[in-house]
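Inspection log for the structure reproduced underneath, given as structure tokens.
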Amino acid sequence: MKKGWKKNRGKKAPQSEVWAIFCREDNLDRIRNIICDAFEVERLDGGSKVKVTGENCSVEVIVLLPSMGEDEKKFVFDEKNAMCGFYSQLPEADEDIKINLCHHIQQARAFISVCIEALEEGADMQADLDGVRDLMVKVTEQVEGVFIVEHGAVALGVVDGCESVILSADGRSDLESYFPFTLEEHPKFLEGCTEGQKKRRDRNMKYLFDRGIYVCELPLNEDEESVSLRSKEEVARRMLGVLATALYSEAMLNPAEHMTVTEAGEFIGRVMGGLGIEDPEEILTPEELAYLRDDAPEEQTKIDYSWNYEHLYLLEWILGLAEWNDPVEICDVGLMVRNIKGFHSVEEICEKTTMRSPSEILDKADLIYRMDWAAVDARIHRMSGPAGLVHGVVQARHKTLNWMIRFGGDEWDDVDTPT
């Protein structure tokens with residue numbers, strides 16, 4: 001056994017401990033060798049267990065990989081989900097650290113259990129425990145793992161060469177941020193993609209990773225040569241349609257206005273008239289028309305349509321009327337409305353605006369798709385974020401851009417935003 005294995009820290013010793021490491025390394029031989037080297041015992045030729053006996057305790061380290069069988073696969077799966085479920089729900093913890101810790105655990109390809117037992121009842125084994133813990137921290141670093149101690153209450157890791165508390169049950173962390181991910185530069189699945197698609201993926205993934213937003217690899221949208229974008233006239237009409245429904249909802253929801261359905265309908269009629277729209281069907285979808293013709297729309301429906309301001313922002317961006325900003329706050333509603341006030345017809349909008357290039361639109365469609373994956377993933381874990389992303393804003397932009405690039409070939413009411 002390694003010299004210096006014992007390290008007295010003056011604490012009362014428990015008689016047993018069970019720890020765990022979730023690691024990215026999935027080569028059993030390499031993991032076993034790392035463990036044997038840490039304890040300075042002879043490397044084993046096979047098996048998934050390493051047993052070491054010290055002065056006061058025995059240590060059994062067991063490595064489990066999903067590839068070993070269905071039971072092992074289920075066990076590792078359940079352990080990962082249990083740990084993520086625990087850490088994701090800590091109320092006082094930093095949201096970004098929580099989500100990235102969960103991603104790290106979910107990426108584990110192997111599970112290492114560390115069982116320590118006293119050889120004799122009442123043995124003073126604190127020094128042994130501390131020494132084993134230090135050795136397992138070193139193992140954790142080499143297998144790119146997360147080390148779970150104190151009955152699952154503390155997740156440790158090695159960050160910038162230093163042992164650190166990633167997250168503890170009381171929400172404490174030694175870190176201001178935690179992002180244990182490296183962007184793969186030339187993933188194999190990109191081999192059949194165009195250069196434009198590859199560059200777009202590389203730019204957007206780097207952009208997200210630089211901001212601490214983890215996203216897994218996702219399918220790529222079409223490139224400039226094959227995509228069929230909506231026309232400028234379609235964008236202009238859709239812009240006026242979402243404006244009308246957003247204003248209609250606000251007129252009824254805003255306490256200062258609190259219009260009746262009839263009053264709101266008359267108000268929107270005047271707005272559309274000022275924009276040169278004689279027939280609502282020129283700019284509204286079937287579902288939007290049904291909403292405006294409903295004598296008693298439900299409160300939630302009004303709220304849902306008030307989010308159309310976020311679609312309005314993105315459509316204005318497409319026509320060069322607004323500058324891009326990341327979806328970390330709701331848009332400036334007043335500014336979005338003022339941007340359109342000077343126009344009096346669809347034709348005038350088309351005349352006086354310049355639509356952004358296919359490359360710009362595809363860049364943002366790819367970026368927002370990835371952001372929506374991150375937002376949905378956080379929501380699945382019942383967390384906010386990451387990096388301040390506002391889920392409703394992200395989803396609205398995703399729908400608008402999917403409509404713009406004709407994702408799935410669907411019209412507005414049926415546009416899907418799968419992640």
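Every condition in (1) in contact (Cβ under 8 Å) with a residue 40 or more places away in the chain; (2) in contact with a helix residue (DSSP H, G or I) (Cβ under 8 Å, 6 or more places away or on another chain); (3) assigned to a helix (DSSP H, G or I) is met by PHE77 except one, and the failing one is (1).
Within region 174-196, the residues that satisfy the criterion of being surrounded by 15 or more Cβ atoms within 10 Å (Cβ to Cβ) and assigned to a helix (DSSP H, G or I) are LEU190, GLY196. If you check GLU225 against the conditions, is it over 17 Å from the mean Cα position of the chain (by Cα) and part of a loop (DSSP other than H, G, I, E, B)? Against the criterion (over 17 Å from the mean Cα position of the chain (by Cα) and part of a loop (DSSP other than H, G, I, E, B)), GLU225 qualifies. Residues of region 317-329 include at least one that is surrounded by fewer than 18 Cβ atoms within 10 Å (Cβ to Cβ), among the β-branched types (Val, Ile, Thr) and closer than 26 Å to SER177 by Cα.
Checking each residue in region 401-419 for being among the acidic types (Asp, Glu) and in a helix (DSSP H, G or I) picks out ASP413, ASP414. Selection over region 398-414 of residues that are under 23 Å from the mean Cα position of the chain (by Cα) and either charged (D, E, K, R) or more than 18 Å from LEU218 (Cβ to Cβ) (or both) gives a count of 3.
The single condition from (1) outside any strand (DSSP E or B); (2) of a type in the set (Asp, Glu); (3) over 25 Å from the mean Cα position of the chain (by Cα) that GLU60 fails is (1). Examine region 230-247 for a residue that is closer than 22 Å to MET404 by Cα, assigned to a loop (DSSP other than H, G, I, E, B) and modelled with pLDDT of 95 or more, and state whether such a residue exists. Scanning region 230-247 turns up at least one residue that is closer than 22 Å to MET404 by Cα, assigned to a loop (DSSP other than H, G, I, E, B) and modelled with pLDDT of 95 or more. Just for region 27-46: of the residues that are under 37 Å from the mean Cα position of the chain (by Cα) and loosely packed, with under 15 Cβ neighbours inside 10 Å, which one is farthest from GLU141 (Cα to Cα)? If we take residues in region 27-46 being under 37 Å from the mean Cα position of the chain (by Cα) and loosely packed, with under 15 Cβ neighbours inside 10 Å, then ASP29 is farthest from GLU141 (Cα to Cα).
Could you check, for region 343-350, whether at least one of its residues is in contact (Cβ under 8 Å) with a residue 24 or more places away in the chain, over 30 Å from LEU218 (Cα atoms) and touching an Asp or Glu at 6+ places or on another chain (Cβ under 6 Å)? Looking for residues that are in contact (Cβ under 8 Å) with a residue 24 or more places away in the chain, over 30 Å from LEU218 (Cα atoms) and touching an Asp or Glu at 6+ places or on another chain (Cβ under 6 Å), one finds at least one in region 343-350, hence yes. When the helices (runs of 4 or more DSSP H) confined to region 277-329 are screened for residues that are over 30 Å from SER384 (Cα atoms), those reaching at least 3 such residues are found at 286-292.
Look through region 96-129, keep the residues that are within 23 Å of LYS49 (Cα to Cα) and charged (D, E, K, R), and return whichever of them is surrounded by the fewest Cβ atoms within 10 Å (Cβ to Cβ). Ranking the candidates gives GLU120 first.
Would a scan of region 127-141 turn up a residue that is on the phi < 0 side of the Ramachandran plot, assigned to a loop (DSSP other than H, G, I, E, B) and not hydroxyl-bearing (Ser, Thr, Tyr)?
No, that holds for no residue.
Residues of region 179-201 that are under 12 Å from GLU224 (Cα atoms) and either within 23 Å of the chain's Cα centre (by Cα) or of a type in the set (Ser, Thr, Tyr) (or both): THR194, GLN197, ARG200.
Restricting attention to region 354-400, the residues that are without any contact (Cβ under 8 Å) to a residue 40 or more places away in the chain and assigned to a loop (DSSP other than H, G, I, E, B) add up to 3.
Out of curiosity, is ALA93 of a type in the set (Gly, Ala, Ser), assigned to a loop (DSSP other than H, G, I, E, B), closer than 22 Å to LYS49 by Cα and touching a residue at least 24 places away in the same chain (Cβ under 8 Å)?
No, not satisfied.
Taking THR245 as the residue in question, decide whether it is farther than 30 Å from CYS102 by Cα, in contact (Cβ under 8 Å) with a residue 40 or more places away in the chain and more than 19 Å from the chain's Cα centre (by Cα).
So THR245 fits the description; yes.
For region 334-347, the count of residues that are in contact with a helix residue (DSSP H, G or I) (Cβ under 9 Å, 6 or more places away or on another chain), of a type in the set (Asp, Glu) and over 30 Å from GLY276 (Cα atoms) is zero.
The values are calculated or read from the model by the stated rules, or taken from the named source; none is laboratory data. Not measured: the values here are computed from a predicted model. Cβ atoms come from the backbone with ideal geometry, glycine included; neighbour counts cover every protein chain shown.
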